[in-house]
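What follows is a short report on a single structure.
The values are calculated or read from the model by the stated rules, or taken from the named source; none is laboratory data. Since the structure is predicted, the reported quantities are computational estimates derived from the model, not experimental observations. For neighbour counting, all protein chains shown are included, and Cβ atoms are generated from backbone atoms with ideal geometry for every residue, glycine included.
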């Protein structure tokens with residue numbers, strides 16, 4: 001194991017600039033969330049424009065003195081331009097033309113560095129209006145992020161809280177995606193969440209060890225390639241970036257959906273098989289108008305880490321064939337095109353079998369998905385954007401015959417959130433109403449068949465060797481979600497959400513969400 005980690009470190013520790021801090025980022029993603037806890041960590045905090053630049057060493061702790069505590073209390077209820085922090089450390093800026101800059105340096109701290117540590121707390125309220133069931137979730141947590149001489153980047157994000165109310169309803173909450181524990185009186189259910197990463201970045205590349213999720217491809221309805229609507233997982237990743245061309249590799253540790261069972265078919269407590277994901281992605285940006293990418297991803301398990309999947313210069317699918325064809329490999333590609341600086345057209349494509357001789361037939365193994373979208377940035381200043389997206393997914397795409405090779409993590413699919421064997425049209429409109437008030441409207445129409453539409457189905461249970469689009473019992477769902485985000489003060493945020501959905505001829509479902517968060 002140590003040799004493997006050493007190999008990965010050497011492979012990606014070339015002296016080369018990663019264009020991004022994260023493993024891969026997307027320009028277009030949905031902002032339609034019912035809770036602030038669904039938001040991804042904002043990588044912009046790493047960059048100097050988000051911090052107060054200093055020419056001296058600064059250490060400020062909100063509780064270090066009575067004076068600091070009074071100032072922190074006033075800042076907490078103020079509307080300052082740049083947020084204050086519970087703990088903040090800054091070291092002096094590097095001056096290329098001032099060789100005596102080391103004179104103002106203290107305790108041998110690196111120059112041009114900073115660290116922020118925040119505390120936050122909040123509460124969510126969610127109600128299914130017609131069914132008259134509801135739940136509340138109260139939480140608290142911490143955030144940490146640091147930039148050490150633009151070479152080492154660190155962030156950490158942790159929160160914990162408890163649900164009260166209707167158990168069946170809060171089981172459907174997006175933030176309830178992992179471990180949970182009931183109180184002794186069964187009144188409350190507690191959950192917690194932790195993520196973070198350490199990034200080492202040089203001129204032509206970066207190396208990351210972290211815990212989090214990843215997404216590939218622009219989208220507003222969820223990625224068909226690799227989606228992040230799941231529990232966090234540990235991973236190693238690296239990126240080599242040569243301006244117009246880059247190569248990324250990620251290897252993560254997943255949790256199988258079910259435990260092993262004994263001879264009587266009873267689950268063995270916490271006896272999980274090993275399960276991993278490996279992703280390789282190539283990016284080519286010939287100019288500012290075009291971005292092409294392609295790659296492979298493999299789900300495997302039942303054994304220790306396989307070094308064969310850690311080689312970025314080889315084909316994962318060919319490797320899997322030589323490992324006796326026992327793993328789950330998918331191939332993907334995509335394109336982002338900008339005919340105008342404010343207009344982005346994107347295409348995402350993924351397939352599994354896709355035999356060339358049977359590509360235009362109804363063979364069940366024609367497992368693929370296509371996602372097309374167009375997004376127009378109307379106003380950059382208030383982030384007003386409109387996006388339209390079409391998604392088509394064949395039956396059986398995310399299924400597999402081996403339990404630990406399912407395209408999932410901890411009971412949640414890694415592919416398109418609504419499953420497969422579907423057609424979906426979605427639209428999203430983001431716009432700013434006031435400086436501190438923004439709105440988001442997301443709508444979608446989904447038509448789905450019941451055959452092979454879920455990652456948990458064993459494809460060997462299929463009725464025959466054919467599969468047509470939308471085969472099986474068909475359902476149609478319409479959903480409209482409206483979100484208002486209000487930030488009355490710098491350290492306080494409020495969210496109001498309302499959704500209307502209807503499946504087939506059933507009655508309309510109305511859901512209401514109110515979320516509040518304060519941080520310092």
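Do we find a residue being farther than 19 Å from residue 33 by Cα, surrounded by fewer than 17 Cβ atoms within 10 Å (Cβ to Cβ) and in contact with a strand residue (DSSP E or B) (Cβ under 7 Å, 6 or more places away or on another chain) anywhere in segment 407-418? Within segment 407-418, none of the residues are farther than 19 Å from residue 33 by Cα, surrounded by fewer than 17 Cβ atoms within 10 Å (Cβ to Cβ) and in contact with a strand residue (DSSP E or B) (Cβ under 7 Å, 6 or more places away or on another chain). Of the candidates 157, 139, 114, the single residue that is buried (at least 17 other Cβ atoms within 10 Å of the Cβ), modelled with pLDDT under 90 and out of contact with any helix residue (DSSP H, G or I) (no Cβ under 6 Å at 6 or more places or on another chain) is 114.
Just one of (1) in a loop (DSSP other than H, G, I, E, B); (2) surrounded by fewer than 15 Cβ atoms within 10 Å (Cβ to Cβ) fails for residue 445. It is (1). Scanning segment 207-231 for residues being assigned to a strand (DSSP E or B) and either surrounded by fewer than 18 Cβ atoms within 10 Å (Cβ to Cβ) or out of contact with any helix residue (DSSP H, G or I) (no Cβ under 7 Å at 6 or more places or on another chain) (or both) gives a total of 7. Cβ separations smaller than 6 Å between residues 6+ apart or across chains give the following pairs from segment 353-369 residues that are at negative phi to residues that are part of a loop (DSSP other than H, G, I, E, B) and exposed (fewer than 13 other Cβ atoms within 10 Å of the Cβ): 364/465. Residues in segment 365-374 that are in contact with a strand residue (DSSP E or B) (Cβ under 6 Å, 6 or more places away or on another chain) and surrounded by fewer than 24 Cβ atoms within 10 Å (Cβ to Cβ) were compared, and the one that is farthest from residue 218 (Cα to Cα) is 368. Considering segment 352-364, the residues that are part of a loop (DSSP other than H, G, I, E, B) and out of contact with any helix residue (DSSP H, G or I) (no Cβ under 9 Å at 6 or more places or on another chain) include one that is surrounded by the most Cβ atoms within 10 Å (Cβ to Cβ), namely 352. Would you say residue 109 is surrounded by fewer than 17 Cβ atoms within 10 Å (Cβ to Cβ), in contact with a strand residue (DSSP E or B) (Cβ under 7 Å, 6 or more places away or on another chain) and modelled with pLDDT under 90? Here the answer is no, as residue 109 does not meet what is asked. Within segment 194-205, being buried (at least 20 other Cβ atoms within 10 Å of the Cβ) and out of contact with any helix residue (DSSP H, G or I) (no Cβ under 7 Å at 6 or more places or on another chain) holds for 197, 199, 201. Scanning segment 470-490 for residues that are within 30 Å of residue 63 (Cα to Cα) and surrounded by 19 or more Cβ atoms within 10 Å (Cβ to Cβ) turns up at least one hit.
What's the total number of residues in segment 380-432 that are in a loop (DSSP other than H, G, I, E, B) and closer than 25 Å to residue 175 by Cα? Residues in segment 380-432 being in a loop (DSSP other than H, G, I, E, B) and closer than 25 Å to residue 175 by Cα: 13 in total.
Restricting segment 16-62 to residues that are exposed (fewer than 13 other Cβ atoms within 10 Å of the Cβ) and within 23 Å of residue 161 (Cβ to Cβ) leaves a set whose member that is modelled with the lowest pLDDT is 42.
Filter segment 232-250 for residues that are assigned to a strand (DSSP E or B) and under 24 Å from residue 159 (Cα atoms); which is nearest to the chain's Cα centre (by Cα)?
Here the residue is 233.
Within segment 455-468, take every residue that is in a loop (DSSP other than H, G, I, E, B) and surrounded by fewer than 15 Cβ atoms within 10 Å (Cβ to Cβ) and give me the one that is nearest to the chain's Cα centre (by Cα). Here the answer is 458. Say whether the condition of being closer than 26 Å to residue 245 by Cα, surrounded by 14 or more Cβ atoms within 10 Å (Cβ to Cβ) and either at pLDDT 95 or above or touching a strand residue (DSSP E or B) at 6+ places or on another chain (Cβ under 8 Å) (or both) is met by at least one residue in segment 265-277. There is at least one residue in segment 265-277 that is closer than 26 Å to residue 245 by Cα, surrounded by 14 or more Cβ atoms within 10 Å (Cβ to Cβ) and either at pLDDT 95 or above or touching a strand residue (DSSP E or B) at 6+ places or on another chain (Cβ under 8 Å) (or both).
Among residues of segment 19-47 that are under 27 Å from residue 282 (Cβ atoms), those with a beta-carbon under 8 Å from a residue that is in a helix (DSSP H, G or I) and modelled with pLDDT under 65 at least six positions away or on a different chain give the pairs 20/43; 21/43; 21/46; 22/43; 25/43; 44/50.
Quick check on segment 278-330: of everything there that is within 23 Å of the chain's Cα centre (by Cα), more than 19 Å from residue 26 (Cα to Cα) and surrounded by fewer than 21 Cβ atoms within 10 Å (Cβ to Cβ), which residue is modelled with the lowest pLDDT? Out of the qualifying residues, it is 312. If the condition is being in a strand (DSSP E or B) and under 30 Å from residue 61 (Cα atoms), then segment 496-520 contributes 515, 516, 517, 518, 519.
Does segment 300-322 include one or more residues that are in a strand (DSSP E or B) and in contact with a strand residue (DSSP E or B) (Cβ under 9 Å, 6 or more places away or on another chain)?
Yes, segment 300-322 contains at least one residue that is in a strand (DSSP E or B) and in contact with a strand residue (DSSP E or B) (Cβ under 9 Å, 6 or more places away or on another chain).
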